[in-house]
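Okay, so here's the structure we're looking at.
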Amino acid sequence: MCRDFLPDPLTSSDLEALTNAALGAPAAGNTWALDLLVLQAESVTRYWDTALPPDRRDQFPWPGLLNAPLLLVPVVDPDAYAERYSAPDKERTGLGGSTLNWPVPYWWVDGGAAVMAVLAAAHGRELGALFFGQFEHESAISAEFGIPEGRRALGTIAIGRPRPGGSSVSRSAQRGRPDAATHVHFGHW
């Protein structure tokens, strides 16, 4: 994950590849309930003014993150899943009618797959990327950018060219990666 970007804008080819990657991710029942809010130029400034007001920026540990020229906000529509699974070809599942019928909320699963597809596409184009949560700012960001009621932002993906030598790592990274011997189970737990 990259936290220090050059401000250089991305090419239209980069943008097309990234959005196509997200839209090519799996979708349960071909529900296709993912939208992407694409923020560039002044929209990126509006995003940061909403999520991280200027008076809080001097304490922000990753100022280079604010240089990312592209922010993608993947937005899911949970109700679309309940509606899709009410259709005749899916009604036997019992998942239609309400999002409460879903033991595993696939709008998060499918949205996560789209996020991962974007991160992989960015890496493949030698771009830096960082997925981060909106947390307590989700409603303000949704209001600022007109995200419809009932839709949920998964978070935000910052994308751009990494600043050479500018890698800054979060404290979480010190935890390392999981050990396969502990977390991979063959044939039985």
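The residues on offer are Leu70, Leu100, and the sole one that is closer than 23 Å to Glu16 by Cα and either of a type in the set (A, V, I, L, M, F, W, C) or touching a His at 6+ places or on another chain (Cβ under 8 Å) (or both) is Leu70. Can you work out which of the residues in region 5-41 that are touching a Phe, Trp or Tyr at 6+ places or on another chain (Cβ under 7 Å) and part of a loop (DSSP other than H, G, I, E, B) is surrounded by the most Cβ atoms within 10 Å (Cβ to Cβ)? If we take residues in region 5-41 being touching a Phe, Trp or Tyr at 6+ places or on another chain (Cβ under 7 Å) and part of a loop (DSSP other than H, G, I, E, B), then Ala33 is surrounded by the most Cβ atoms within 10 Å (Cβ to Cβ).
When Tyr85 is tested against (1) surrounded by fewer than 19 Cβ atoms within 10 Å (Cβ to Cβ); (2) closer than 17 Å to Trp107 by Cα; (3) of a type outside the set (Gly, Ala, Ser), exactly one condition is not met: (1). For region 157-170, indicate whether the set of residues that are buried (at least 16 other Cβ atoms within 10 Å of the Cβ), assigned to a helix (DSSP H, G or I) and among the aliphatic types (A, V, I, L, M) is non-empty. No, that holds for no residue.
The C-beta contact set for region 53-68 (first residue in contact (Cβ under 8 Å) with a residue 12 or more places away in the chain and on the phi > 0 side of the Ramachandran plot, second residue surrounded by 11 or more Cβ atoms within 10 Å (Cβ to Cβ) and among the aliphatic types (A, V, I, L, M), distance under 6 angstrom, 6+ apart or interchain) is empty.
Counting the residues of region 118-136 that are part of a helix (DSSP H, G or I) and over 15 Å from Leu71 (Cα atoms) gives 5.
Considering only residues that are surrounded by fewer than 16 Cβ atoms within 10 Å (Cβ to Cβ) and either at pLDDT below 95 or of a type outside the set (Val, Ile, Thr) (or both), look in region 42-51 and name the one that is farthest from Asp14 (Cα to Cα). The residue in question is Asp49. Modelled with pLDDT of 95 or more, surrounded by 18 or more Cβ atoms within 10 Å (Cβ to Cβ) and out of contact with any Asp or Glu (no Cβ under 7 Å at 6 or more places or on another chain): is that true of Val104 in this structure? When the stated conditions are applied, Val104 does not pass them. Among residues of region 1-24 that are under 22 Å from Glu42 (Cβ atoms), those with a beta-carbon under 7 Å from a residue that is of a type in the set (A, V, I, L, M) and part of a loop (DSSP other than H, G, I, E, B) at least six positions away or on a different chain give the pairs Phe5/Ala68; Asp14/Leu127.
The values are calculated or read from the model by the stated rules, or taken from the named source; none is laboratory data. These figures come from a predicted structure and were not determined experimentally. Neighbour counts are summed over all protein chains in view; Cβ atoms, including those assigned to glycine, are modelled from backbone coordinates with ideal geometry.
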